[in-house]
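> Sharing a structure below in C-alpha cells format, with a few things to ask.
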Amino acid sequence: MGLRERKKEKTRLAILDAAFDLFLEQGYDSTTVDQIAGSVEISSRTFFRYFTSKDHLVLWFHDQGEEIMLETLRTRPADEPSFTALIHGLREVVRDIQLSTPEDTTRFLKLRRLMEENPHLVGLSVARGAATERRLAVEIAARRNVDVMTDQRTHLIVAFAMSILRVGFECPHREVTDVRILVERMEETLELAQNAFRPGWDV
C-alpha cells in the first residue's frame, strides 16, 4: 500500500468506527451521515467517496467477504469441483477473521451487536447476501461452462455454500464476545458440509 492508499484506508476505518459507536450509543435510526462525518472531521461529500449510504456501513463485512471469495475462486484450478472451490473461498474468509487485528475484531463484534439490536438491519444483510450469491453464481457457471440464467445446479451449489457461512456465523443461545468462538463454529460447519455431500454432485 502506498501512502495515499494507507491514508484512504485509515479514513475508511475511522468512518466505520465512528459510525458503529454512534449507532450503538444513540441508535441506528437516530444517527445521520452528517453526524458520522462530523465526528471524524470530514464533509458529507467526503463520506460518500467511501460509502454509498448509511446502510452501506453495516454491510462492510459482506463487501470484504465477497471480495475474498471471488478472488479465491479465480485462483482455484479450473478442473476443481465447484463446491470444493467455494469451500476454499469460505476457508479464506475464516482465515481473514483469524488474522484480524484487535481493532478489526472489535469492529466485527460491534457490528454483530448492532445487528442483534436492530432486527430490521438483518433484512439489509440478507439482500446483500443475495447479491453476493448472484455474483458467485456467475463465476461458478463459468467454471462449469453452463448458462447462469438457466442452470439450476449452479445456483444450488452457491446456495449450499452460502448456507454454510450463515449457519457457521450464527451462534444461537450464546453471546459472542470473542471471534475465536465464531472461527471454531465455522470450521466445524465447514467440516460437516464437506462430509455431507457425495463426490461429483457439483461437477
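> Evaluate the stretch 10-17: report whether one residue or more is outside the structural domain of Arg113 (by TED's automatic domain parsing), of a type in the set (Lys, Arg) and within 25 Å of Leu121 (Cβ to Cβ). Let's see the steps before the verdict.
Let us first name the residues in the stretch 10-17 that are outside the structural domain of Arg113 (by TED's automatic domain parsing), namely 10-17.
Those still in the list that are of a type in the set (Lys, Arg) too: 10, 12.
From the residues that got through so far, the ones that are within 25 Å of Leu121 (Cβ to Cβ) too are 12.
Within the stretch 10-17 (the criterion being outside the structural domain of Arg113 (by TED's automatic domain parsing), of a type in the set (Lys, Arg) and within 25 Å of Leu121 (Cβ to Cβ)), the answer is yes, since at least one residue qualifies.
> Another question, then. Among the hydroxyl-bearing types (Ser, Thr, Tyr), modelled with pLDDT of 95 or more and surrounded by 14 or more Cβ atoms within 10 Å (Cβ to Cβ), is that true of Thr72? If you could, list the steps in order and put the result at the bottom.
Values: among the hydroxyl-bearing types (Ser, Thr, Tyr): yes; modelled with pLDDT of 95 or more: yes; surrounded by 14 or more Cβ atoms within 10 Å (Cβ to Cβ): yes.
Considered against the rule, which asks whether it is among the hydroxyl-bearing types (Ser, Thr, Tyr), modelled with pLDDT of 95 or more and surrounded by 14 or more Cβ atoms within 10 Å (Cβ to Cβ), Thr72 comes out as yes.
> Helices (runs of 4 or more DSSP H) wholly in the stretch 1-79 with at least 2 residues that are farther than 20 Å from Asp96 by Cβ and over 21 Å from the mean Cα position of the chain (by Cα) - which ones? Can you show your working first?
Numbers: elements: 3-26, 33-39, 44-50, 54-58, 60-73.
Passing ranges, in order: 3-26, 33-39, 44-50.
> Give the residues of the stretch 53-82 that are of a type in the set (Ser, Thr, Tyr) and either touching a residue at least 24 places away in the same chain (Cβ under 8 Å) or within 27 Å of Val94 (Cβ to Cβ) (or both), sorted by residue number.
Pass one, the stretch 53-82, residues of a type in the set (Ser, Thr, Tyr): 53, 72, 75, 82.
Across the stretch 53-82, the qualifying residues are Thr72, Thr75, Ser82.
> Determine, yes or no, whether Arg45 is among the basic types (Lys, Arg), in the same structural domain as Glu184 (by TED's automatic domain parsing) and out of contact with any Gly (no Cβ under 9 Å at 6 or more places or on another chain).
no
> Filter the stretch 2-41 down to the residues that are touching a Lys or Arg at 6+ places or on another chain (Cβ under 9 Å) and aliphatic (A, V, I, L, M) and list them by number.
Within the stretch 2-41, Leu13, Leu16, Ala19, Leu24, Val33, Ile36, Ala37 meet the criteria.
> Continuing with the same structure: Quick one: is Thr75 under 25 Å from Asp21 (Cβ atoms), β-branched (Val, Ile, Thr) and out of contact with any Asp or Glu (no Cβ under 8 Å at 6 or more places or on another chain)? Break it down stepwise before answering.
Values: under 25 Å from Asp21 (Cβ atoms): no; β-branched (Val, Ile, Thr): yes; out of contact with any Asp or Glu (no Cβ under 8 Å at 6 or more places or on another chain): yes.
Spelling it out, it is not the case that Thr75 is under 25 Å from Asp21 (Cβ atoms), β-branched (Val, Ile, Thr) and out of contact with any Asp or Glu (no Cβ under 8 Å at 6 or more places or on another chain).
The values are calculated or read from the model by the stated rules, or taken from the named source; none is laboratory data. None of the values given here were measured: they were computed from a predicted structure. Every residue, glycine among them, receives a Cβ derived from its backbone with ideal geometry; neighbour counts consider all protein chains shown.
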